[in-house]
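Step one of this worksheet: look at the structure below.
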Amino acid sequence: MWLPILVVPFVVILHGSVAAGFDAIDYTVWALFVIGYLAKLGFAPSRSHFFKTHLLDLAVIALPFFRPVRALRVLRFVRARSVAGEGLQRARLLLREHRLQYVLLAAVVIVFAGSAVEFGFEHSAPGANIHSCGDALWWAVVTVTTVGYGDRYPVRLTYNRVR
């Protein structure tokens, strides 16, 4: 979720309150990194060993103090890589320990199978608004995630009221 805060300023020139907002978010996340590092350092059984083995973490939090040296903005990508790497490692560990990869695989298969069946029913129905596999996949994803935008919906699978 923080990645756009890192990438957008490289792609678009931000002005005024938008730039200030992006900087505020960036500094807040940086401060959280500092707090996290200091907490880990404080709870480490051997602070010297922690310090020696976590030099990249220290560099990520220490170097932004040199903000006037704008050539070092590349360090934002180092921080992003560090965050993304840790997040992916935790996700992988969670999936492996709880065998959730099977649940994830089943969910993906159900979404794709549901979209294929929906496309089969709807692609030629009169008044249908699902005309392609992409439309059917979009419908399946927003239905499964309970977003339900309503821009794509089935028309052939209607229920007759019992009178």
**Prompt:** For the residue pair PHE112 and HIS49, what label-to-label distance in nm results when each label sits 7 Å from Cα along the Cα-to-beta-carbon direction?
**Reply:** 4.5 nm
**Inter-part distance where the range 134-155 and the range 80-114 are each reduced to a Cα centre, Å** = 22 Å
**Message:** Quick check: pseudo-label points 7 Å beyond the Cα along Cα→Cβ at TYR102 and ASN129, how many nm apart are they?
**Reply:** 3.9 nm
**Asked** Working out 0.36 nm times the residue gap between THR146 and ILE25, then minus their Cα-Cα distance, what length gain in nm do you get to one decimal?
**Response** 40.6 nm
**Prompt:** Rounded to the nearest whole Å², what accessible area per residue is found for the range 91-163 with the 1.4 Å probe?
**Reply:** 78 Å²
**Message:** Can you give me the distance in nm between label points at LEU94 and TYR153, each placed 7 Å from the Cα along the Cα-to-Cβ direction?
**Reply:** 3.3 nm
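The values are calculated or read from the model by the stated rules, or taken from the named source; none is laboratory data. Quick caveat, the model's predicted, so the values are computed rather than measured. All Cβ positions, glycine included, derive from the backbone under ideal geometry; neighbour counts span all protein chains shown. What goes into the accessible areas is simple: the full protein's heavy atoms, side chains included, and nothing from ligands, DNA or RNA. Shrake-Rupley method; radii C 1.70, N 1.55, O 1.52, S 1.80 Å.
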